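To start, the structure itself, in structure tokens.
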Amino acid sequence: MPSNRADVTVAERFLGAFGAHDWDAMRTVLAPELAWSMPGTGTISGTIHGVDAAISRLREIVGRGVNTELLHVLTGENGVTLSLHNTAEAPDGRKLDEHLATVLTIRDGKVAAIDSYLSDVDGMSSFFH
């Protein structure tokens, strides 16, 4: 049985680029046809397509001061799921405290799709309003 180590390596590169805010490195991890879904009604919600849109979303998340803690890396047949805990506080006192699963579908050594599942969709929508 394969170990899916290559997929974990892609996920590690994704996390490293995100943590370092290295958008050039992130561009090497994301597939041109990338689609990323996020529930809710906030400014980062909906489905976006393409690397530029993904970088814009990531910049907005970082720009809001979100602290992302990696809890677990789960491997599957088609990619990797990152179990994360996001926290932040806006200048006006709004708080973000959510757990999420970020599912990375990996094809040909690149992230081809991201699907985000949140524990507090309303809280995220309010924070990213």
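What follows is calculated from the coordinates using simple rules that are stated; it is not laboratory data. Owing to the predicted nature of the structure, the values given are computational and were not obtained by experimental measurement. Every residue, glycine among them, receives a Cβ derived from its backbone with ideal geometry; neighbour counts consider all protein chains shown.
Structural remarks
- Of all residues in the range 52-77, those that are under 12 Å from F18 (Cβ atoms) have Cβ atoms under 6 Å from Cβ atoms of residues that are part of a helix (DSSP H, G or I), 6 or more apart or on another chain, in I55/W23.
- S125 being among the small types (G, A, S) and either loosely packed, with under 15 Cβ neighbours inside 10 Å or part of a strand (DSSP E or B) (or both): no
- Among the numbered conditions (1) surrounded by 16 or more Cβ atoms within 10 Å (Cβ to Cβ); (2) farther than 12 Å from M38 by Cβ, the only one that D115 does not meet is (2).
- Filter pass, M26 being under 12 Å from the mean Cα position of the chain (by Cα) and more than 24 Å from E89 (Cα to Cα): yes
- Restricting attention to the range 99-129, the residues that are in contact with a helix residue (DSSP H, G or I) (Cβ under 7 Å, 6 or more places away or on another chain) and of a type outside the set (A, V, I, L, M, F, W, C) total 2.
- Where helices (runs of 4 or more DSSP H) sit wholly within the range 4-86, those with at least 3 residues that are out of contact with any helix residue (DSSP H, G or I) (no Cβ under 8 Å at 6 or more places or on another chain) and under 26 Å from D120 (Cβ atoms) occupy 5-20, 51-63.
- For the range 87-109, the candidate set comprises residues that are in a loop (DSSP other than H, G, I, E, B) and of a type in the set (D, E); within that set, the residue that is farthest from W36 (Cα to Cα) is D92.
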